[in-house]
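See below for the structure under consideration.
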Amino acid sequence: MPDDARQKRASITTLGCRLNQADAGLIEERLRAAGYMIVPFGEPADVGIINTCTVTGEADAKSRKQIRAFIRKNPRAFVAVVGCYPEVESEAIAGIKGVDLVVGNEQKLEVLDYVSDKKNSAPVVIRDSIQRANFTIRATGQGSVERRVNLKIQEGCDFACTYCIVPRARGPARSRDMGNLLEEAARLVERGVKEIVLTGVNIGAYSFNDYTLVDVIQQICKIQGLARIRVSSTEPAAVHEDLFPLMNDPSHALLPHLHLPVQSGSNQILKSMRRRYIRKDFLDFVERAHAEVADICIGTDLMVGFPGENDADFDASCRLLEDGHIDYAHVFKYSERPGTPAASFPNKVDAKVKNARSARIRRLGAKNRRRFYRAHLGRILDVLFEEEAEGRWLGYTPNYIRVGVRSEEALDNIIRPVRLMELAGDIVIGEIAG
């Protein structure tokens with residue numbers, strides 16, 4: 001524990017993806033092990049850690065906003081900025097008055113080794129080269145446990161899409177030691193975790209010795225007490241159809257849910273993005289998944305406004321949602337990232353056009369989600385409940401339908417069969433069955 005009699009307080013906030021959330025959980029564990037009290041971000045704290053994202057220009061702006069917000073409220077606190085944004089703009093971050101430490105992804109999980117009881121006279125920047133070697137993670141087992149926990153199994157990416165800064169920010173593809181990840185998974189289940197979400201930049205590319213993602217799932221499934229395994233977002237070209245029979249087996253922990261970021265429905269744009277498939281490849285895979293896995297939910301990411309995207313290209317993305325078997329979509333406007341090939345591409349799309357296209361795609365994605373939810377009304381599905389809000393307990397079905405029920409029983413981290421009754425905004429209202 002820190003030397004003085006008063007327990008030191010630490011606060012951590014995270015922007016961006018599930019992988020960042022997994023990293024934040026590991027950092028929080030180490031803070032607790034060192035004797036810090038974890039307090040909500042924005043409350044008085046002695047140490048503040050901002051775990052950043054840089055996937056878009058907007059993400060950079062949000063990171064800077066969080067840094068400055070913490071410093072305003074805690075001018076005497078030690079401030080560490082870690083993660084992806086330091087990999088591309090470390091000096092700019094160090095120029096923010098009040099920042100003490102800037103740490104890239106290679107040393108992010110060791111940030112506590114560089115934290116001091118006193119503010120630094122000048123910012124310290126630690127941005128080591130990201131190694132390609134497979135890795136292990138030292139987990140203390142002292143972090144807070146949520147109902148669905150992200151388990152980091154993979155890092156980095158070799159796909160080199162023309163719009164993407166992630167290979168620079170996260171480094172080359174590498175995988176976590178199988179024994180090491182199984183040890184953490186077992187400890188999580190011992191602490192009461194019911195659902196593990198396998199997380200990485202591109203988990204379909206997992207390769208440790210002769211083990212693949214399928215092997216990871218099969219080994220984790222053997223852990224007694226684990227009810228659910230969910231696969232987080234992964235590249236369409238990296239998903240193996242060996243997952244289908246596991247998802248379709250009701251006795252298996254793997255859930256019938258995939259998130260496959262297609263990015264565009266236009267072959268011309270996919271080629272310009274340097275994606276590793278064409279439109280037909282993606283749609284054929286989605287149709288096979290729906291044919292082979294009962295009740296599967298498939299979501300995607302779509303980008304609008306990529307350089308050169310014309311009306312026909314955009315219409316092709318719309319038709320992907322209108323005609324394909326996609327159950328929901330996350331929509332992103334193209335954000336120019338210096339250092340990526342697409343930053344120098346001609347034929348930029350006007351901001352107003354991007355906004356209009358984004359709004360239309362979002363409406364189509366919301367329509368598809370409602371259609372998927374509506375198709376399950378009247379059914380009884382198991383729900384793992386996670387939180388209570390506005391008088392309802394909220395949780396998710398295996399195929400990622402968000403459900404709310406009223407119950408006098410506390411349902412925190414409990415799985416119950418629920419009859420799905422009616423749509424209400426972005427959730428389905430249900431009632432406990434039986």
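The values are calculated or read from the model by the stated rules, or taken from the named source; none is laboratory data. What you are looking at is a predicted structure, and each value in this text was computed from that prediction instead of being measured. Quick reminder, even Gly has a Cβ in these numbers, built from the backbone with ideal geometry, and neighbours come from all protein chains shown. Each accessible area value is taken on the protein alone, full model and side chains, heavy atoms only, with ligands, DNA and RNA left out. Shrake-Rupley method; radii C 1.70, N 1.55, O 1.52, S 1.80 Å.
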message = Whether any residue in segment 331-344 is over 29 Å from TYR400 (Cβ atoms), open to solvent by less than 20 Å² (accessible area, probe 1.4 Å) and part of a helix (DSSP H, G or I) is what I want to check.
response = yes
query = Can you pull out the residues in segment 354-378 that are assigned to a helix (DSSP H, G or I), out of contact with any Lys or Arg (no Cβ under 6 Å at 6 or more places or on another chain) and either of a type in the set (Gly, Ala, Ser) or open to solvent by less than 60 Å² (accessible area, probe 1.4 Å) (or both)?
reply = ALA356, ARG357, ALA359, ILE361, LEU364, GLY365, ALA366, ASN368, PHE372, TYR373
request  = Answer yes if at least one residue in segment 169-183 is in a helix (DSSP H, G or I) and within 30 Å of ALA342 (Cβ to Cβ), and no otherwise.
outcome  = yes
query = How many residues are part of a loop (DSSP other than H, G, I, E, B) and out of contact with any Lys or Arg (no Cβ under 7 Å at 6 or more places or on another chain) if we restrict to segment 399-411?
reply = 8
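For every residue, the table says whether it meets (1) within 30 Å of PRO398 (Cβ to Cβ); (2) modelled with pLDDT of 95 or more; (3) in contact with a strand residue (DSSP E or B) (Cβ under 6 Å, 6 or more places away or on another chain).
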{"position": "LEU270", "(1), (2), (3)": "no, yes, no"}
{"position": "ARG274", "(1), (2), (3)": "no, yes, no"}
{"position": "GLU292", "(1), (2), (3)": "yes, yes, no"}
{"position": "GLY305", "(1), (2), (3)": "no, yes, yes"}
{"position": "ALA329", "(1), (2), (3)": "yes, yes, yes"}
{"position": "PRO341", "(1), (2), (3)": "no, yes, no"}
request  = Select from segment 43-72 the residues that are more than 30 Å from ASP301 (Cβ to Cβ) and not aliphatic (A, V, I, L, M) and list them in ascending order.
outcome  = GLU43, PRO44, ASP46, GLY48, ARG72
task = Return the only residue of GLU89, GLU58 being among the acidic types (Asp, Glu) and touching a helix residue (DSSP H, G or I) at 6+ places or on another chain (Cβ under 8 Å).
result = GLU89
remark   = Residue hits (segment 161-183; in contact with a Gly (Cβ under 7 Å, 6 or more places away or on another chain), among the charged types (D, E, K, R) and either open to solvent by 10 Å² or more (accessible area, probe 1.4 Å) or farther than 14 Å from PHE135 by Cα (or both)) are ARG168, ARG174
message = Being over 17 Å from ALA10 (Cα atoms) and crowded, with 18+ Cβ neighbours inside 10 Å is the filter here; which residues of segment 65-102 pass it?
response = GLY83, CYS84, TYR85, PRO86, GLU87, VAL88, GLU89, SER90, ILE93
inquiry  = Quick check on segment 188-210. Is at least one of its residues farther than 29 Å from ALA139 by Cα and outside any loop (DSSP other than H, G, I, E, B)?
reply    = no
remark   = Restricting segment 307-327 to residues that are of a type in the set (D, E, K, R) and at pLDDT 95 or above, the one nearest to SER344 (Cα to Cα) turns out to be GLU309
